[in-house]
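Report on the structure given below.
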Amino acid sequence: MTQVALVTGAARGIGAATVRGLAAAGWHVLAVDRCADDPDLPYPLATRADLDRVAAEASAVFRAAPASATPPATTAAGAPRGGDRTPDGPAVLAVAADVRDPDAMAAAVAHAELLWGGLDAALAVAGVIAGGVPLWEMPAAQQQAVIDIDLGGVLTLARVAIPALLRRPEPRQGRFLAVASAAATRGLPMLAAYCAAKAGVAGLTRALAVELRGTGVTANAVSPGSTDTPILAESARLYGLASAQDFASQQPLDRLLRPEEVAAALIWLASEASSAMTGAVVPVDGGLAL
Ligand SMILES: NC(=O)c1ccc[n+]([C@@H]2O[C@H](COP(=O)([O-])OP(=O)(O)OC[C@H]3O[C@@H](n4cnc5c(N)ncnc54)[C@H](O)[C@@H]3O)[C@@H](O)[C@H]2O)c1
(Lines give C-alpha, C1' and ligand atoms only; values in the text may rest on other atoms or scores of the structure.)
Protein backbone atom coordinates (compact mmCIF):
# COMPACT_ATOMS: atom_id res chain seq x y z
CA MET A 1 0.00 0.00 0.00
CA THR A 2 1.26 3.43 -0.93
CA GLN A 3 1.93 5.57 2.11
CA VAL A 4 -0.31 8.55 2.76
CA ALA A 5 0.63 11.99 4.11
CA LEU A 6 -1.24 15.17 4.96
CA VAL A 7 0.77 18.40 4.59
CA THR A 8 -0.44 21.84 5.72
CA GLY A 9 0.92 25.07 4.24
CA ALA A 10 1.20 23.10 1.02
CA ALA A 11 0.63 25.84 -1.57
CA ARG A 12 4.11 27.36 -1.59
CA GLY A 13 7.51 27.51 0.10
CA ILE A 14 8.64 24.64 2.34
CA GLY A 15 5.20 22.98 2.32
CA ALA A 16 5.04 22.89 -1.48
CA ALA A 17 8.57 21.48 -1.72
CA THR A 18 7.57 18.83 0.82
CA VAL A 19 4.48 17.83 -1.16
CA ARG A 20 6.54 17.51 -4.36
CA GLY A 21 9.29 15.55 -2.60
CA LEU A 22 6.89 13.15 -0.89
CA ALA A 23 5.10 12.49 -4.18
CA ALA A 24 8.44 11.84 -5.90
CA ALA A 25 9.19 9.33 -3.13
CA GLY A 26 5.92 7.53 -3.88
CA TRP A 27 3.58 9.01 -1.25
CA HIS A 28 -0.04 10.00 -1.74
CA VAL A 29 -0.45 13.50 -0.32
CA LEU A 30 -3.43 15.49 0.86
CA ALA A 31 -2.17 19.04 0.31
CA VAL A 32 -3.87 21.57 2.60
CA ASP A 33 -3.61 25.36 2.55
CA ARG A 34 -5.76 28.31 3.57
CA CYS A 35 -5.60 29.61 -0.01
CA ALA A 36 -6.67 33.10 1.03
CA ASP A 37 -5.14 36.17 2.58
CA ASP A 38 -5.60 36.70 6.30
CA PRO A 39 -7.32 40.00 7.15
CA ASP A 40 -5.14 40.32 10.26
CA LEU A 41 -1.83 40.03 8.38
CA PRO A 42 -0.36 42.65 6.04
CA TYR A 43 1.25 40.30 3.51
CA PRO A 44 -0.30 37.94 0.95
CA LEU A 45 -0.70 34.25 1.70
CA ALA A 46 -0.92 31.62 -1.02
CA THR A 47 -3.83 31.29 -3.44
CA ARG A 48 -6.02 28.43 -4.64
CA ALA A 49 -4.15 28.60 -7.95
CA ASP A 50 -0.84 28.12 -6.10
CA LEU A 51 -2.19 25.03 -4.32
CA ASP A 52 -3.69 23.55 -7.48
CA ARG A 53 -0.38 24.06 -9.32
CA VAL A 54 1.56 22.27 -6.55
CA ALA A 55 -0.93 19.39 -6.55
CA ALA A 56 -0.71 19.06 -10.34
CA GLU A 57 3.10 19.12 -10.31
CA ALA A 58 3.24 16.61 -7.46
CA SER A 59 0.73 14.31 -9.17
CA ALA A 60 2.89 14.36 -12.28
CA VAL A 61 6.05 13.41 -10.38
CA PHE A 62 4.13 10.67 -8.52
CA ARG A 63 2.95 9.19 -11.82
CA ALA A 64 6.44 9.50 -13.32
CA ALA A 65 8.23 8.04 -10.29
CA PRO A 66 9.46 4.49 -10.79
CA ALA A 67 7.57 1.94 -8.72
CA SER A 68 10.83 1.45 -6.83
CA ALA A 69 10.30 4.95 -5.37
CA THR A 70 7.41 3.51 -3.41
CA PRO A 71 8.59 2.77 0.13
CA PRO A 72 9.43 -0.88 0.82
CA ALA A 73 6.38 -3.09 1.26
CA THR A 74 7.52 -4.27 4.66
CA THR A 75 7.84 -2.52 7.99
CA ALA A 76 11.07 -2.51 9.97
CA ALA A 77 9.62 -5.50 11.80
CA GLY A 78 9.09 -7.30 8.49
CA ALA A 79 5.28 -7.26 8.50
CA PRO A 80 3.52 -6.54 5.22
CA ARG A 81 2.35 -2.97 4.64
CA GLY A 82 -0.01 -3.77 1.81
CA GLY A 83 -0.09 -4.03 -1.96
CA ASP A 84 0.84 -1.85 -4.93
CA ARG A 85 0.60 1.80 -5.91
CA THR A 86 -2.97 3.02 -6.30
CA PRO A 87 -3.65 2.76 -10.05
CA ASP A 88 -6.61 5.18 -10.24
CA GLY A 89 -7.85 8.21 -8.38
CA PRO A 90 -5.86 11.29 -7.47
CA ALA A 91 -2.22 10.81 -6.49
CA VAL A 92 -2.20 14.17 -4.72
CA LEU A 93 -5.32 16.03 -3.65
CA ALA A 94 -5.57 19.77 -2.93
CA VAL A 95 -7.90 20.85 -0.12
CA ALA A 96 -8.51 24.44 0.99
CA ALA A 97 -8.72 24.56 4.78
CA ASP A 98 -7.54 26.79 7.61
CA VAL A 99 -5.38 25.06 10.23
CA ARG A 100 -7.34 26.97 12.90
CA ASP A 101 -10.56 25.20 11.91
CA PRO A 102 -10.76 21.83 13.74
CA ASP A 103 -13.78 20.66 11.72
CA ALA A 104 -12.13 21.44 8.40
CA MET A 105 -8.91 19.73 9.48
CA ALA A 106 -10.80 16.67 10.74
CA ALA A 107 -12.61 16.54 7.40
CA ALA A 108 -9.27 16.68 5.57
CA VAL A 109 -7.96 13.74 7.59
CA ALA A 110 -11.18 11.80 6.95
CA HIS A 111 -10.88 12.58 3.24
CA ALA A 112 -7.36 11.13 3.10
CA GLU A 113 -8.45 8.00 4.95
CA LEU A 114 -11.47 7.52 2.68
CA LEU A 115 -9.48 8.08 -0.50
CA TRP A 116 -6.35 6.11 0.27
CA GLY A 117 -7.30 3.84 3.18
CA GLY A 118 -5.44 5.48 6.05
CA LEU A 119 -2.85 8.04 7.13
CA ASP A 120 0.86 7.42 7.78
CA ALA A 121 2.26 10.94 8.23
CA ALA A 122 0.88 14.35 9.21
CA LEU A 123 3.13 17.34 8.58
CA ALA A 124 2.31 20.71 10.15
CA VAL A 125 4.14 23.16 7.89
CA ALA A 126 1.67 26.08 7.65
CA GLY A 127 2.88 29.23 9.37
CA VAL A 128 2.76 33.00 9.32
CA ILE A 129 4.92 35.80 10.65
CA ALA A 130 4.13 39.18 12.17
CA GLY A 131 5.88 41.69 14.40
CA GLY A 132 8.45 44.30 13.49
CA VAL A 133 7.69 46.21 16.68
CA PRO A 134 8.11 45.37 20.38
CA LEU A 135 5.49 42.90 21.60
CA TRP A 136 3.55 45.52 23.52
CA GLU A 137 3.12 47.60 20.37
CA MET A 138 2.02 44.67 18.20
CA PRO A 139 -1.66 44.76 17.21
CA ALA A 140 -3.47 42.20 19.35
CA ALA A 141 -5.09 40.63 16.27
CA GLN A 142 -1.67 39.98 14.71
CA GLN A 143 -0.40 38.38 17.91
CA GLN A 144 -3.51 36.21 18.02
CA ALA A 145 -3.06 35.12 14.40
CA VAL A 146 0.58 34.13 14.99
CA ILE A 147 -0.25 32.12 18.12
CA ASP A 148 -3.41 30.54 16.66
CA ILE A 149 -1.79 29.52 13.35
CA ASP A 150 1.83 28.78 14.30
CA LEU A 151 1.05 26.95 17.55
CA GLY A 152 -2.72 26.39 17.57
CA GLY A 153 -2.68 25.01 14.03
CA VAL A 154 -0.07 22.41 15.01
CA LEU A 155 -2.08 21.44 18.10
CA THR A 156 -5.20 21.08 15.96
CA LEU A 157 -3.45 18.90 13.40
CA ALA A 158 -2.07 16.72 16.21
CA ARG A 159 -5.55 16.31 17.71
CA VAL A 160 -7.21 15.27 14.45
CA ALA A 161 -4.37 13.42 12.71
CA ILE A 162 -2.73 11.38 15.48
CA PRO A 163 -5.88 9.27 16.07
CA ALA A 164 -5.80 8.48 12.33
CA LEU A 165 -2.11 7.53 12.53
CA LEU A 166 -3.04 5.23 15.43
CA ARG A 167 -5.84 3.64 13.39
CA ARG A 168 -3.20 1.98 11.18
CA PRO A 169 -2.75 -1.63 12.30
CA GLU A 170 0.25 -2.61 14.39
CA PRO A 171 3.14 -2.74 13.84
CA ARG A 172 2.83 0.80 12.52
CA GLN A 173 5.30 3.53 11.54
CA GLY A 174 3.26 6.71 11.95
CA ARG A 175 4.91 10.11 11.77
CA PHE A 176 3.75 13.41 13.26
CA LEU A 177 6.05 16.18 12.04
CA ALA A 178 6.03 19.91 12.66
CA VAL A 179 8.03 22.86 11.41
CA ALA A 180 9.37 24.95 14.29
CA SER A 181 12.12 27.52 13.65
CA ALA A 182 15.48 28.73 14.81
CA ALA A 183 13.18 31.23 16.58
CA ALA A 184 12.19 28.38 18.93
CA THR A 185 15.56 28.64 20.66
CA ARG A 186 16.82 32.16 19.80
CA GLY A 187 15.31 35.32 21.17
CA LEU A 188 14.58 37.34 18.03
CA PRO A 189 13.73 40.98 18.67
CA MET A 190 10.47 42.25 17.16
CA LEU A 191 9.29 38.66 16.66
CA ALA A 192 8.34 37.79 20.25
CA ALA A 193 4.96 36.18 19.49
CA TYR A 194 6.51 34.15 16.66
CA CYS A 195 9.32 33.00 19.00
CA ALA A 196 6.74 32.04 21.64
CA ALA A 197 4.66 30.05 19.16
CA LYS A 198 7.68 28.21 17.73
CA ALA A 199 9.04 27.39 21.20
CA GLY A 200 5.58 25.99 21.87
CA VAL A 201 5.88 23.75 18.82
CA ALA A 202 9.18 22.39 20.13
CA GLY A 203 7.65 21.69 23.55
CA LEU A 204 4.61 20.08 21.97
CA THR A 205 6.82 17.81 19.85
CA ARG A 206 8.70 16.55 22.91
CA ALA A 207 5.49 15.95 24.89
CA LEU A 208 3.77 14.13 22.00
CA ALA A 209 6.78 11.85 21.63
CA VAL A 210 6.38 10.76 25.24
CA GLU A 211 2.58 10.45 24.98
CA LEU A 212 3.03 8.22 21.91
CA ARG A 213 5.33 5.81 23.76
CA GLY A 214 5.24 2.31 22.34
CA THR A 215 2.65 3.07 19.66
CA GLY A 216 4.97 3.05 16.65
CA VAL A 217 4.00 6.67 15.98
CA THR A 218 6.80 9.20 16.44
CA ALA A 219 6.76 13.00 16.76
CA ASN A 220 9.63 15.14 15.50
CA ALA A 221 10.16 18.69 14.29
CA VAL A 222 12.61 20.59 12.14
CA SER A 223 13.81 24.10 12.88
CA PRO A 224 14.67 25.84 9.62
CA GLY A 225 17.05 28.76 9.34
CA SER A 226 16.51 31.57 6.86
CA THR A 227 14.90 29.94 3.84
CA ASP A 228 14.05 31.73 0.61
CA THR A 229 10.24 31.88 0.80
CA PRO A 230 7.61 34.64 1.07
CA ILE A 231 7.68 34.44 4.89
CA LEU A 232 11.35 35.45 4.82
CA ALA A 233 10.56 38.32 2.45
CA GLU A 234 7.98 39.51 4.97
CA SER A 235 10.55 39.14 7.80
CA ALA A 236 12.93 41.37 5.81
CA ARG A 237 10.18 43.96 5.41
CA LEU A 238 9.45 43.82 9.15
CA TYR A 239 13.14 44.48 9.90
CA GLY A 240 13.38 47.25 7.31
CA LEU A 241 15.93 45.32 5.23
CA ALA A 242 16.30 45.84 1.49
CA SER A 243 15.73 42.15 0.77
CA ALA A 244 15.61 38.68 2.34
CA GLN A 245 19.11 38.15 0.93
CA ASP A 246 20.38 40.32 3.80
CA PHE A 247 19.68 37.41 6.20
CA ALA A 248 22.16 35.14 4.41
CA SER A 249 25.27 36.35 6.22
CA GLN A 250 23.80 35.37 9.63
CA GLN A 251 24.18 31.69 8.71
CA PRO A 252 27.61 29.98 8.55
CA LEU A 253 26.60 28.54 5.17
CA ASP A 254 26.60 32.22 4.09
CA ARG A 255 23.53 31.82 1.88
CA LEU A 256 19.79 31.40 2.19
CA LEU A 257 18.45 27.86 2.28
CA ARG A 258 16.22 26.59 -0.51
CA PRO A 259 12.79 25.23 0.51
CA GLU A 260 13.78 21.86 -0.99
CA GLU A 261 16.67 21.59 1.48
CA VAL A 262 14.31 21.88 4.45
CA ALA A 263 11.78 19.59 2.76
CA ALA A 264 14.49 16.94 2.33
CA ALA A 265 14.81 16.65 6.11
CA LEU A 266 11.04 16.44 6.55
CA ILE A 267 10.77 13.75 3.87
CA TRP A 268 13.53 11.73 5.51
CA LEU A 269 11.85 12.12 8.92
CA ALA A 270 8.60 10.89 7.34
CA SER A 271 10.33 7.77 6.06
CA GLU A 272 11.00 4.52 7.85
CA ALA A 273 14.67 5.51 8.03
CA SER A 274 13.94 7.85 10.95
CA SER A 275 12.53 5.01 13.08
CA ALA A 276 15.02 5.57 15.94
CA MET A 277 14.04 9.23 16.41
CA THR A 278 11.24 10.72 18.44
CA GLY A 279 10.88 14.02 20.30
CA ALA A 280 13.73 15.55 18.28
CA VAL A 281 13.75 19.15 17.11
CA VAL A 282 16.28 19.04 14.31
CA PRO A 283 18.05 22.22 13.17
CA VAL A 284 18.04 22.52 9.37
CA ASP A 285 19.38 26.01 9.52
CA GLY A 286 22.71 26.43 7.77
CA GLY A 287 24.20 26.79 11.24
CA LEU A 288 22.05 29.79 12.19
CA ALA A 289 21.52 28.52 15.74
CA LEU A 290 25.27 28.12 16.44
N1 LIG B 1 11.27 30.64 5.45
C2 LIG B 1 11.97 30.70 6.56
O3 LIG B 1 13.02 31.35 6.65
C4 LIG B 1 11.49 29.93 7.78
C5 LIG B 1 12.35 29.83 8.87
C6 LIG B 1 11.94 29.14 9.99
C7 LIG B 1 10.69 28.54 10.01
N8 LIG B 1 9.86 28.65 8.93
C9 LIG B 1 8.55 28.01 9.00
O10 LIG B 1 8.38 27.20 7.86
C11 LIG B 1 6.97 27.02 7.64
C12 LIG B 1 6.67 27.21 6.18
O13 LIG B 1 6.86 28.58 5.87
P14 LIG B 1 7.44 29.07 4.47
O15 LIG B 1 8.78 29.59 4.73
O16 LIG B 1 7.28 28.02 3.46
O17 LIG B 1 6.48 30.33 4.19
P18 LIG B 1 5.33 30.58 3.13
O19 LIG B 1 4.66 31.85 3.51
O20 LIG B 1 5.87 30.45 1.75
O21 LIG B 1 4.34 29.33 3.34
C22 LIG B 1 3.41 29.27 4.38
C23 LIG B 1 2.14 28.63 3.84
O24 LIG B 1 1.21 28.49 4.92
C25 LIG B 1 -0.08 28.86 4.45
N26 LIG B 1 -0.90 29.28 5.57
C27 LIG B 1 -0.78 30.42 6.30
N28 LIG B 1 -1.75 30.50 7.22
C29 LIG B 1 -2.49 29.37 7.09
C30 LIG B 1 -3.64 28.88 7.77
N31 LIG B 1 -4.22 29.58 8.77
N32 LIG B 1 -4.15 27.69 7.39
C33 LIG B 1 -3.58 26.97 6.38
N34 LIG B 1 -2.52 27.42 5.68
C35 LIG B 1 -1.97 28.60 6.04
C36 LIG B 1 0.21 29.99 3.46
O37 LIG B 1 -0.88 30.23 2.58
C38 LIG B 1 1.46 29.49 2.77
O39 LIG B 1 1.14 28.68 1.65
C40 LIG B 1 6.25 27.99 8.59
O41 LIG B 1 5.79 27.27 9.72
C42 LIG B 1 7.37 28.94 8.99
O43 LIG B 1 7.13 29.54 10.23
C44 LIG B 1 10.24 29.34 7.81
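What is the log10 of I(q)/I(0) for the range 1-70, computed with the Debye formula using one identical point scatterer on each Cα and no solvent, at q = 0.15, 0.19, 0.27, 0.28 Å⁻¹?
-0.46, -0.67, -1.12, -1.18
Where the Cα atoms of the chain are projected onto their three principal axes, how long is each span, largest first, in whole Å?
Sorted from largest, the Cα extents of the chain read 55, 38, 38 Å.
Computing the accessible area with a 1.4 Å probe over protein heavy atoms, can you report the carbon and sulfur percentage for the chain?
In the chain, the share of accessible area belonging to carbon and sulfur is 59 percent.
Taking the Cα centre of the chain as the origin, how large is its charge dipole in debye, to the nearest 20, when only Lys and Arg (+1) and Asp and Glu (-1) carry charge on their Cβ atoms?
Magnitude of the dipole: close to 640 debye.
Any idea what the dipole of the range 192-263 comes to, in debye rounded to 20, about its Cα centre with Lys/Arg Cβ at +1 and Asp/Glu Cβ at -1?
240 debye
Let me make sure I get this right: for the range 90-210, a, b and c are the square roots of the gyration tensor eigenvalues over alpha carbons, sorted descending. Under 1.5 in a/c it's rounded, otherwise prolate if a/b > b/c, else oblate. Which is it?
It is prolate, given that a/c is not under 1.5 and a/b is the larger ratio.
I'd like the Karplus ³J(HN,Hα) series for the range 249-254: coefficients 6.51, -1.76, 1.60, θ = phi - 60°, whole numbers in Hz, and an x wherever there's a Gly or Pro.
Couplings: 5, 6, 9, x, 5, 6 Hz.
Relative to the compact globular guide of 2.2 N^0.38 Å, what is the alpha carbon radius of gyration of the range 148-192, as a ratio?
Relative to the 2.2 N^0.38 Å estimate, the range 148-192 comes out at 1.56.
From zero outward in steps of 10 Å, how is the percent of C-alpha pairs of the range 227-290 spread across the bins?
For the range 227-290, the binned pair fractions read 20, 42, 27, 10, 1 percent.
Going out from 0 in 5 Å bins, what whole percent of all Cα-Cα distances in the range 136-272 drops into each bin?
Reading upward from the zero bin: 2, 9, 16, 20, 19, 14, 9, 6, 3, 1, 0.
Hey, what's the range 203-290 come to in accessible area per residue, 1.4 Å probe, Å²?
Here the per-residue accessible area is 46 Å².
Kindly work out what percent of the DSSP beta bridges joining two residues of the chain are antiparallel, to the nearest 5.
Antiparallel bridges make up about 5 percent of those DSSP assigns within the chain.
Over the chain, with a Gaussian network built from C-alpha contacts below 10 Å, which listed residue (M277, M190, M105) shows the highest mean-square fluctuation?
Comparing M277, M190, M105 in the GNM, the peak value goes to M277.
Seen from all sides and averaged, what is the projected area of the convex hull of the Cα atoms in the range 168-225, in nm²?
Average of the hull's projected areas for the range 168-225 equals 4.1 nm².
Where in the chain are the DSSP H helices whose alpha-carbon span along the long axis reaches 15 Å or more and whose Kyte-Doolittle mean is at least -1.0?
The answer, listed by residue number, is 13-24, 48-64, 102-116, 153-167, 192-211, 259-270.
No solvent, one uniform scatterer per C-alpha: report log10 I(q)/I(0) for the range 102-153 via the Debye equation at q = 0.19, 0.21 1/Å, two decimals.
-0.72, -0.79
Between A280, A263, A108, which gets the highest mean-square fluctuation from a Gaussian network model of the chain, Cα cutoff 10 Å?
Of the options given, A280 has the highest mean-square fluctuation.
Give me the accessible area per residue for the range 117-184, probe 1.4 Å, as a whole number in Å².
Accessible area per residue, the range 117-184: 34 Å².
The values are calculated or read from the model by the stated rules, or taken from the named source; none is laboratory data. On a predicted model such as this, the values are computed, not experimentally measured, just so you know. Glycine also receives a Cβ, built like all others from the backbone with ideal geometry; neighbour counts cover every protein chain displayed. Surface areas here come from the heavy atoms of the whole protein model, side chains and all, with no ligands, DNA or RNA. Shrake-Rupley method; radii C 1.70, N 1.55, O 1.52, S 1.80 Å.
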